[in-house]
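Undergrad: Quick one: the structure is below, questions incoming.
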Amino acid sequence: MISISRRAFSLGAAFAAAAASHARADPYPTKPVKIIVTFAPGGPADVMARVLGQRMSAILGQQLFVENRGGAGGTIGARTAAQAEPDGYTLMLGTTSTLVVAPAVYRNVGYDPLQSFVPIALFGTTSSVFVVNPEVPARTVQELIALAKGQPGKFSFSSPGIGSSPHLIAELFKLKTGIDAVHVPYKSGGQSIQAAVSGEVQMVFENPSITLPLVRAGKVRALATTGEKRGAETADIPTMVEAGIPGFVSASFTGLVAPAGTPADIIARLNAAANDSLNSPEVHTALTRLAVEPRPGSPADFAAFVGRETEMWRGVVQAAKIRIE
């Protein structure tokens, strides 16, 4: 079996080869471009797609508009995008969920994340915040670990569902620390975080845009973030590594992909527009407010990044024995 990293390299190499091929004579774009967002409107991924889409529209001279196709962990929208005409007029907002997690936990998602799509640009990464209910008598991660180990099976964590990013991050936490905690899945992120607020569960990993307002309101307590370093919006919260968990780094990603077979010159034009947008002060400010770290780069950079993430999370899925039929 070809390894994930090798497949990612092959994807990047295929792009490089295609980029050297004869360029199209037709101008692009000549009509509006659709971005399929595989989640409901209003969430962090949707907001990011609209922020970048607006700026890229100005650069490309045609509107980039969002079409929301949520459901089944993002796989419904991803299947639709994978089957679209590879002409540059249907793109997809690729995320950790659709390109990494879902293919690892579902037996058959109906697409191959590394073969059904060609990478355009990585938009950015977002660390999660580890929060606990205020009644939990722990002010640090190490105190929480000691409490949980002293009461095996008595602590629980919530998530928006089996196989969701918050679920996998919590499983990674269990693997790294050796604690015994019960997973309680909910139907949405809102229900999941509310469970931590109400005390139905003791802890949860979730997006800063969801957790930080609750932290400021005193409804949950932040113990750590999962990023490589402290972000602008989380400067007063230690990272997991700083909190004493070596190697615990996790960040969800968002980027733009196109159906496999999309011409190389179109990919290059979209990549340039995406990077120009990410480097603009207004987009940078908007993403910072969403606790997103902009990550401009080449399509090959994005492919390699997805390959590394796939290897890591597939290992967590296998160790935690997570499988959805």
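Undergrad: Quick check: anything in the range 222-234 at pLDDT below 95, under 10 Å from Val129 (Cβ atoms) and touching a Leu at 6+ places or on another chain (Cβ under 7 Å)?
TA: yes
Undergrad: Here's a follow-up. Could you go through the range 97-110 and let me know if any residue there is surrounded by fewer than 16 Cβ atoms within 10 Å (Cβ to Cβ) and at pLDDT below 85.
TA: Checked against the condition, which is being surrounded by fewer than 16 Cβ atoms within 10 Å (Cβ to Cβ) and at pLDDT below 85, the range 97-110 yields at least one hit.
Undergrad: Something else about it: Of (1) within 20 Å of the chain's Cα centre (by Cα); (2) in a strand (DSSP E or B), Val109 satisfies all except one. Which?
TA: (2)
Undergrad: Now for a different question. Tell me which of these Thr262 doesn't satisfy, since it passes every other one: (1) surrounded by fewer than 21 Cβ atoms within 10 Å (Cβ to Cβ); (2) assigned by TED's automatic domain parsing to the domain that holds Gly94; (3) part of a loop (DSSP other than H, G, I, E, B).
TA: Tallying (1) surrounded by fewer than 21 Cβ atoms within 10 Å (Cβ to Cβ); (2) assigned by TED's automatic domain parsing to the domain that holds Gly94; (3) part of a loop (DSSP other than H, G, I, E, B), Thr262 fails exactly one: (1).
Undergrad: Can you name every residue in the range 150-171 that is in contact with a Ser or Thr (Cβ under 8 Å, 6 or more places away or on another chain) and not in a loop (DSSP other than H, G, I, E, B)?
TA: Matches in the range 150-171: Ser158, Ser159, Ser165, Pro166, His167, Ile169, Ala170.
Undergrad: Which of the residues that make up the range 291-325 are of a type in the set (Gly, Ala, Ser) and outside any helix (DSSP H, G or I)?
TA: Ala291, Gly297, Ser298
Undergrad: Within the group Gly12, Gly43, Gly71, which residue is assigned by TED's automatic domain parsing to the domain that holds Thr288, at positive phi and either in contact with a strand residue (DSSP E or B) (Cβ under 6 Å, 6 or more places away or on another chain) or modelled with pLDDT of 50 or more (or both)? Working first, answer last.
TA: On the way: Gly12 fails: at positive phi; Gly43 fails: at positive phi.
After ruling out the rest, the residue left standing is Gly71.
Undergrad: Does Val136 count as outside any strand (DSSP E or B), touching a strand residue (DSSP E or B) at 6+ places or on another chain (Cβ under 9 Å) and modelled with pLDDT under 95? Full working, then the answer.
TA: On the way: outside any strand (DSSP E or B): yes; touching a strand residue (DSSP E or B) at 6+ places or on another chain (Cβ under 9 Å): yes; modelled with pLDDT under 95: no.
Against the criterion (outside any strand (DSSP E or B), touching a strand residue (DSSP E or B) at 6+ places or on another chain (Cβ under 9 Å) and modelled with pLDDT under 95), Val136 does not qualify.
Undergrad: Against the conditions (1) in the same structural domain as Ala274 (by TED's automatic domain parsing); (2) assigned to a helix (DSSP H, G or I); (3) surrounded by fewer than 24 Cβ atoms within 10 Å (Cβ to Cβ), where does Gln142 fall short? Just the number, please.
TA: Checking Gln142 against (1) in the same structural domain as Ala274 (by TED's automatic domain parsing); (2) assigned to a helix (DSSP H, G or I); (3) surrounded by fewer than 24 Cβ atoms within 10 Å (Cβ to Cβ), the one that fails is (1).
The values are calculated or read from the model by the stated rules, or taken from the named source; none is laboratory data. As the structure is a computational prediction, the values presented were derived from the model and not from experiment. Neighbour counts are summed over all protein chains in view; Cβ atoms, including those assigned to glycine, are modelled from backbone coordinates with ideal geometry.
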